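Q: Below you'll find the structure I mean.
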Amino acid sequence: MSRPDWFVLALTLLVMIAYGLYKGRASKDLEGYFLSNRTVPWYMVLLGIMGTQASAVTFLSAPGQAYTDGMRFVQYYFGLPLAMVVLCISFVPVFHRLKVFTAYEYLEQRFDGKTRTLTSFLFLVQRGLSTGISISAPSIILSSLLGWNIVWTNIFMGGLLIIYTVTGGAKAVAYTQQLQMIIIFSGMTIAGYIVVHRLPAGVGMSEILHIGGKEGKLNIITTGFEGKGKGFDWNDRYNLLSGIIGGFFLALSYFGTDQSQVGRYLTARSLTESRLGLLMNGLVKVPMQFLILLVGVMVFAFYKYNPEPLFFNKSQITVLEHSKYKDSLAIVTAQYDALEKQRLAGGATGADRAVYKATIRRWLDDVGGDSNDTNYIFLRFVTDYLPKGLVGLLIAVIFLAAWGSISATLNSLSSCTIIDFHKRFSRGVSENREYQLSRLYTFFWGAFCVAVAQLAYNLGNSLIEAVNVLGSLFYGVILGIFLVAFYRKRTGGHAVFVSALIIEIGVVVLGILIQKKIVLLSFLWLNVIGAAGVVLLSEILNPILCRRVPSSPPRRG
Amino acid sequence: MDEDRVPLFRKWSYWYALVIGFLVVCIVFFNLLTKHFS
């Protein structure tokens, strides 16, 4: 990176920390620290929800995904708008009425203490580990492409934000997320503009779409019935059916029962403003994801007029240069470069490029390297073609996207630890002490996530892939518990607790079978199976295990 | 105590109609885009 890039990157990150410290001066009690005294307007709730969901990998991987697999990933969000309406009708008013800090507090009032403890524990495990990965994944990409030290990249990616998150709590998170989203969208818009600007004269958006369409990158709608006439492909991750049904359950679970999201809309100054934030999220998410993916198609079209690297991840080429394939690599690289020159001069179709790329991937698999190049495409384009200064801004975008998501998660992990565990099991703690402990827990979870990120790097890709599916292993069961709580008023805590344990074990076993490719099923369906499993099994077990029929939850406040 | 009212509309059914309509428009638009440029 050039000096102006470093300057822009450092300045953006420092401004963000200073802004978080300045805006995060909250009142020194739990209500102020975790809920920003419930004073946040709906548009900040909206930006907070979006900033929490969109991690660094969203902006790194999504364009790369469109480049390789096309835009069908957008279907993953088709269930989200409907889930927002269901949440606003059923979940949100209950959380507001009971004035809870965490979603799991409600479960004790509805069922019993052990169901609350189990659900909060599942959240802490799943979120603590997956946040570590969400630090590690972009750090690995940046350190591979830019040659940065991985330990320092992890610390900057997951550690600097701890400063304002510990100090300012939910208020600092909300205000920084607002600024982060503005910078992120500006950066992505500039990147998109530069792609079009650098294309040859007379080539515009229409030509980009034609190129993308001809090469199958505009496969936005797929039905899952496309392959080989064998009926619906249950292993296909992104299609209309899995997007609407699986995506609906995933969104319902994520926004309704994941404290990192519940904590965002509980900061709203009224029930209506919470609802507006969520409903607007339902309307903007699909177009937003469409535009991010479109950047990937634009980069794809860009490389039709410019030489495309043999492999986007430079560090893996270095790996091959130090392997037994060293000599073969030199020959293949020379042949590929000649082919690219010929293609750009109009003398070749470029169809043979795939053969060369497949050879590189095969060699990398053989030497234990990382053959998945998707996550490196967009950032390689940024570093190779964006002007000085803008490279720094786009790398700042990656950091800010990570910070927005991680800071909200640390705040939620801390709130669950203090509200669902510490406060319940150690009585007589003063308000000031609770506040101090909350800051301490935020710091602890920040350090924990950075440590997990480092561990993930040391253990390699297999762990990252395994932990990436962690959400699907837990979300369905947690959603099932909440669905029973809201819609099956006669079901008792005992039945739902036992059902959740049994189904959780079943889902984990199924997840392992899918991972080992013994069962061919997309992970998205685990959310449906987990939720439906808990609802059905608790219905069956309730007459056997039910000791008492709970009354409707008591009103507080 | 917060007032439990529907934002922007009188009934929740209007919100259901809006998001389902929005989704249908998105799917039709995306499908046309897929077909037109393929």
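Q: Would you tell me the mean number of C-beta atoms belonging to other protein chains that fall within 10 Å of each C-beta in A:277-286, as a whole number?
A: 2
Q: Stretch residue A:43-residue A:330 to full length: gain in nm at 0.36 nm per residue minus the Cα-Cα span?
A: Contour length minus the Cα-Cα distance gives 97.9 nm.
Q: A further question follows. Quick one: dipole size for the protein assembly as shown, taken about the Cα centre, charges +1 on Lys/Arg Cβ and -1 on Asp/Glu Cβ, in debye to the nearest 20.
A: Roughly 1320 debye, rounded to the nearest 20.
Q: For residue A:365 and residue A:432, calculate 0.36 nm times their separation in residues minus their Cα-Cα distance, and state this gained length in nm to one decimal.
A: 18.6 nm
Q: Another question, then. With a length cut of 18 Å (Cα positions projected on each helix's long axis) and a Kyte-Doolittle mean of at least 1.6, go through chain A and give me the DSSP H helices that pass.
A: A:80-98, A:390-416, A:470-487, A:493-515, A:524-545
Q: Could you list A:157, A:205, A:181 in order of exposure, starting from the residue whose Cβ has the fewest other Cβ atoms within 10 Å?
A: Going from least to most buried by this count: A:205, A:181, A:157.
Q: Under a straight-distance cross-link criterion of Cα-Cα below 23 Å, which lysines are reachable from residue A:99, leaving out those fewer than 8 residues away in the same chain?
A: Output for residue A:99: A:28, A:114, A:171, A:423, A:489.
Q: Also, quick follow-up: What nm distance separates the two modelled labels at residue A:149 and residue B:17, each placed 7 Å from Cα along Cα→Cβ?
A: 6.3
Q: With each pseudo-label sitting 7 Å past Cα toward Cβ, what's the residue A:517-residue A:447 distance in nm, one decimal?
A: 4.2
Q: How many partner chain Cβ atoms sit within 10 Å of a residue's Cβ in peptide B:30-36, on average, as a whole number?
A: So the per-residue partner count for this stretch is 6.
Q: Taking only C-alpha pairs under 8 Å that are 6+ residues apart, what is the relative contact order of chain A in percent?
A: 32
Q: Further question: Using the number of other C-beta atoms within 10 angstrom as an exposure proxy, rank A:326, A:388, A:423 with the fewest first.
A: Ascending Cβ contact count within 10 Å gives the list A:326, A:388, A:423.
Q: Once the dipole of the protein assembly as shown is set up with Lys and Arg at +1 and Asp and Glu at -1 on Cβ about the Cα centre, which of A:319, A:364, A:95 lies farthest towards its positive end?
A: With unit charges placed on the Cβ atoms, the residue in question is A:95.
Q: Expressed as a fraction of 2.2 N^0.38 Å, the rule-of-thumb size for a compact globular protein of N residues, what is the C-alpha radius of gyration of the protein assembly as shown?
A: Normalised Cα radius of gyration, the protein assembly as shown: 0.98.
Q: Give the lysines reachable from residue A:341 as a straight Cα distance under 25 Å; neighbours fewer than 8 places away on the same chain don't count.
A: List returned: A:214, A:217, A:304, A:314, A:326, A:357.
Q: Hey, which aspartates and glutamates would be in cross-link range of residue A:517, C-alpha to C-alpha under 15 Å, not counting anything within fewer than 8 residues on its own chain?
A: Within reach: A:233, A:236, A:465.
Q: Got a sec? How would A:416, A:546 order by Cβ neighbour count within 10 Å, fewest to most?
A: Least to most surrounded, the residues fall as A:546, A:416.
Every number here is computed from the coordinates shown, using simple stated rules; none is lab data. Everything quoted here is computed from the prediction, not taken from an experiment. We place every Cβ from the backbone using ideal geometry, glycine too, and count neighbours over all the protein chains shown.
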